[in-house]
Amino acid sequence: MEKIKRIGIITSGGDAPGMNAVIRSVTRTAVSEGIEVFAFFRGYAGILDKEYKKFNFSDVGGIMEKGGTILRTARVPEFKLPEIRKKAADNLKELGVEALIVIGGEGSLTGAKLMSEENDIKVIGIPGSIDNDISGTDMCIGVDTCLNTSVDSIQKLKDTASSHERAFIVEVMGRGSGYIALMSALATGAEAAIIPENPVDYKALGERLWEERKRGKINSIVVVAEGAASAYTVARHLENRIGFETRITILGHIQRGGSPSAFDRILASRMGYEAIQALLEGESNVMIALNRSSMERVAIDKVLTEKKDLDLDLIKLTNTLS
């Protein structure tokens, strides 16, 4: 088997803390193995527009602690078209790039898989998604940092909620997954988490919060995932039932930013290193995954066809401990 001489790397879709640590790890591991690294800017758009830079050790110095992605990112809807994927593959081949490492979510991995199958380009996926909604891996790049940001924000809101004896409805990210909402609620002692995976009974929730108010509780925090309902909808359902004035806070994109946590830096470094090892061993169309503290390689096909389940027993735990 002939050794790969040149690879490409992109960050695609939504940004996630830790992406820069992956870029650093991939680059330094590859260069140490005598492999050239072409870093493309703005995801698949950079491949289509031939916007790239050849990276060496010094190009990735001091980036591990930075949030976001130095390669920037973009969503490229037209990449769903076979002819656009072929153009991207042709551009890679013209540059002598034999394999592409894609850091991103399900949409990015889908594009990588299709381009590989249609145009004979090796691809390795690395899961970057603050929602932790990618199947096959226990954790994605950026999840821990996002969760810590959410917990810190909610804890500060809880101080004000107690001072004014109010209820705060806090909306966090999570269109199809309630992971951030549920874990944030559990970590802050919130009274409830409203998530897409579990239909909410507003009447029952309102009654429970009212009973807690009668027992002497001086604040109430309800965390809602954006994909389950808007904070305004939740507030309308609860404000006349729970004995508290309600206030709404939408954390929004603040959850995406910030310096990555130690966990995310280490996870990203391990995944980047493993991606190069996979290529050196001739693998393609696999995603690097964390499984019970070990690095594994999971077929992208499997990742895209299986849904990641959320442990709904944690809802009962959250309600019990609140």
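The values are calculated or read from the model by the stated rules, or taken from the named source; none is laboratory data. Remember, it's a predicted structure, so these values are computed and weren't measured experimentally. Positions of Cβ are generated from backbone atoms using ideal geometry, with glycine treated the same way; all protein chains shown enter the neighbour counts. Remember, those area values only see protein heavy atoms, side chains included, never the ligands or the DNA or RNA. Shrake-Rupley method; radii C 1.70, N 1.55, O 1.52, S 1.80 Å.
Restricting to region 117-147, and then to whatever is in contact with a Ser or Thr (Cβ under 6 Å, 6 or more places away or on another chain) and in a helix (DSSP H, G or I), can you tell me which residue is most open to solvent (accessible area, probe 1.4 Å)? Before you say what the answer is, go through the steps one by one.
The first filter runs over region 117-147 and keeps only residues in contact with a Ser or Thr (Cβ under 6 Å, 6 or more places away or on another chain), leaving 122-123, 127, 131, 133, 140, 144-145.
Narrowing the set further to residues that are in a helix (DSSP H, G or I) leaves 144-145.
Working: D144: 36, T145: 8 Å².
Only one residue tops the list, namely D144.
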### Query
Does G282 fit the bill of being at pLDDT 95 or above and part of a loop (DSSP other than H, G, I, E, B)?
yes
### Query
Within region 302-315, is there a residue that is farther than 30 Å from G68 by Cβ, at pLDDT 95 or above and either part of a strand (DSSP E or B) or open to solvent by 80 Å² or more (accessible area, probe 1.4 Å) (or both)?
yes
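Return yes when G68 is touching a helix residue (DSSP H, G or I) at 6+ places or on another chain (Cβ under 9 Å), in contact (Cβ under 8 Å) with a residue 60 or more places away in the chain, within 21 Å of L267 (Cα to Cα) and small (G, A, S) and no when it is not. It would help to see each step written out before you state the result.
Details: touching a helix residue (DSSP H, G or I) at 6+ places or on another chain (Cβ under 9 Å): yes; in contact (Cβ under 8 Å) with a residue 60 or more places away in the chain: yes; within 21 Å of L267 (Cα to Cα): yes; small (G, A, S): yes.
Judged against the criteria, G68 is a match.
Here is a yes/no grid of residues against (1) under 17 Å from I242 (Cα atoms); (2) open to solvent by 10 Å² or more (accessible area, probe 1.4 Å):
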| site | (1), (2) |
| --- | --- |
| Q155 | no, yes |
| K158 | yes, yes |
| R166 | yes, yes |
| R175 | no, yes |
| T188 | no, no |
| I194 | yes, no |
### Query
Hey, any hits in region 8-21 for a residue that's part of a helix (DSSP H, G or I), in contact with a strand residue (DSSP E or B) (Cβ under 9 Å, 6 or more places away or on another chain) and either farther than 22 Å from G111 by Cβ or not assigned by TED's automatic domain parsing to the domain that holds S108 (or both)?
yes
### Query
Which residues, counting only those in region 2-34, are open to solvent by 10 Å² or more (accessible area, probe 1.4 Å) and among the hydrophobic types (A, V, I, L, M, F, W, C)?
I4, V31
### Query
Any idea how many residues of region 56-95 are surrounded by 19 or more Cβ atoms within 10 Å (Cβ to Cβ) and aromatic (F, W, Y)?
1
### Task
Scan region 287-314 and report the pairs whose first residue is farther than 18 Å from L114 by Cβ and among the acidic types (D, E) and whose second residue is open to solvent by less than 50 Å² (accessible area, probe 1.4 Å) and outside any loop (DSSP other than H, G, I, E, B), with Cβ atoms within less than 8 Å and a gap of 6+ or a chain change.
E296/I288; E296/A289; E296/L290
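Within region 36-49, is there a residue that is of a type outside the set (K, R), in contact with a Pro (Cβ under 6 Å, 6 or more places away or on another chain) and on the phi > 0 side of the Ramachandran plot?
Step one: filter region 36-49 for residues of a type outside the set (K, R), giving 36-41, 43-49.
Subset that is in contact with a Pro (Cβ under 6 Å, 6 or more places away or on another chain): none.
Checked against the condition, which is being of a type outside the set (K, R), in contact with a Pro (Cβ under 6 Å, 6 or more places away or on another chain) and on the phi > 0 side of the Ramachandran plot, region 36-49 yields no hits at all.
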